[in-house]
1. Here is a check on your reading of the model: is Q157 under 21 Å from the mean Cα position of the chain (by Cα) and farther than 28 Å from L81 by Cα?
2. Could you please find all residues in region 154-173 being part of a helix (DSSP H, G or I) and in contact (Cβ under 8 Å) with a residue 24 or more places away in the chain?
3. So, of the residues in region 312-355 that are among the charged types (D, E, K, R) and touching a residue at least 12 places away in the same chain (Cβ under 8 Å), which turns out to be nearest to A399 (Cα to Cα)?
4. Any chance you could count how many residues in region 135-174 are modelled with pLDDT of 85 or more, of a type in the set (A, V, I, L, M, F, W, C), under 17 Å from M192 (Cβ atoms) and buried (at least 17 other Cβ atoms within 10 Å of the Cβ)?
5. (1) among the polar types (S, T, N, Q); (2) surrounded by fewer than 21 Cβ atoms within 10 Å (Cβ to Cβ); (3) touching a helix residue (DSSP H, G or I) at 6+ places or on another chain (Cβ under 9 Å): which one isn't true of T132, the others all being true?
6. Working only within region 385-399, note down all residues that are in a helix (DSSP H, G or I) and within 16 Å of S249 (Cα to Cα).
7. For K289, all conditions in the list (1) more than 20 Å from G393 (Cα to Cα); (2) touching a Pro at 6+ places or on another chain (Cβ under 8 Å) hold save one; what is the number of the exception?
8. Check region 133-140 and report whether any residue there is more than 17 Å from A120 (Cα to Cα), part of a helix (DSSP H, G or I), free of Cβ contacts under 8 Å to residues at least 24 places away in the same chain and among the hydroxyl-bearing types (S, T, Y).
Amino acid sequence: MVERISSLRHKQGIWSLADQGFVSLGGFLTNILLARYLPQADYGIYLLIYGILNFLTFGVHSALIVYPISVKGAVAERTELRLLTSHSLILTMVLSLCSSIVVAGAVFAAAGKLDTAPAAFCYLFFWQIQETIRRALMSHLRHFEALWGDGLSYLGQAGIIWLFAQTGWLSIQTTFLALALTSAIAGAVQAMQLPLLIMAPKVKDLWNYAKTAWNLGKWYLLSTLANIATLQVTPWILAIFYGTKETASVQSVMNILGVSHPILFSLVNLSVPALAKANVEGGMKRVQKIAIKYGFQYGILLFPFYGVLILFPRNILELLYGKTSAYLELDTVLRVLVVSYLLLYISQIVSAIIAALEKSKLAFVAQVGSVGSGLLVGIPLTISMGALGSAFGNVLANATRLVIYFFQFRKL
């Protein structure tokens, strides 16, 4: 029986990683295509608007909708999960409508006009709807089923954007409409897989669930907003002081490093349970041994990739963006950000250890230190040096987190 459960968890881990791979690959291809075919200034405007949509989805919506359904859905029967999903979808619609003012403000601030606002809001609405349904599936470890809709959404959007680029239809507006369309199709597929409960819930039940969701997510909301908000500062500072082309420049480099995101994210997700078990079985020495093992295994995948980026940055930029691209001059920025990602990788290993030891307060302290250094030093560097200063600020933030982890780890 134990072997069967272990085998099931292993399979779910594989499908979870595959799903994340589809999401990351689709996002990578989409950003490469947009950076290559949109005018640089337009790509910068798109990134500013998308950043706010990302903030509303993975900051507010994730804390108040996704987190509660992930927790409550995990212990619910299938019929109850369908009811929880219906409640969550209604709350998602209300939240999206309330966010429309923020979307309009972001579009006007980034572009100076509101013509892109309807398409951007349309994407936000269907993105959050799909995100709610896919998270409901994942709460029951149905990653294999979620994978099909996510493939349609994230790989599909890359395909449509490529088609728009070839036919001359590509613009900021058509990009958001493409994202909205694929999110809507994926949400419909995943709603049939759930399947979604088609009935109006009782007002009292909906209100009670809304209060439960708020109580569960309010503290998570504060910490998430603080983290994501700091990530949104740099693109806007670059746009204010250097123009949207500079915002696009930084993201064009980040697109390349995004290839390593599935590995970086899965490192913590898959190693924490193993490290927690190691702590029970053999204490800190056993934890260190397993952490080194995971660090080595994931390092084999990452280090050759980072090495190529450091040795041949201009060649990689030319391969992805073309021989005449303005992004070719960012080879130094790419090298600096590779150093930042190496520091991030090491801190991810230490973070997994701290999480396995259930020392969440230590992780919070390190995060605060990282954010503080990024704001106090990173922002002046960005203002004075543009994209390169932003890269150095990124290095400083990750280095600060790692130093704090080092002193905490010595105490442990």
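1. Values: under 21 Å from the mean Cα position of the chain (by Cα): yes; farther than 28 Å from L81 by Cα: yes.
Yes: the conditions hold for Q157.
2. Y154, L155, G156, Q157, A158, I161, W162, A165, I172, Q173
3. R335
4. So the count comes out to 3.
5. (2)
6. Result: M385, A387, L388, G389, S390, A391, F392, G393, N394.
7. Just one mismatch for K289, condition (2).
8. no
The values are calculated or read from the model by the stated rules, or taken from the named source; none is laboratory data. All values reported here derive from a predicted model rather than from experimental measurement. Heads up, the Cβs are rebuilt from the backbone with ideal geometry, glycines too, and the neighbour counts pull from every protein chain shown.
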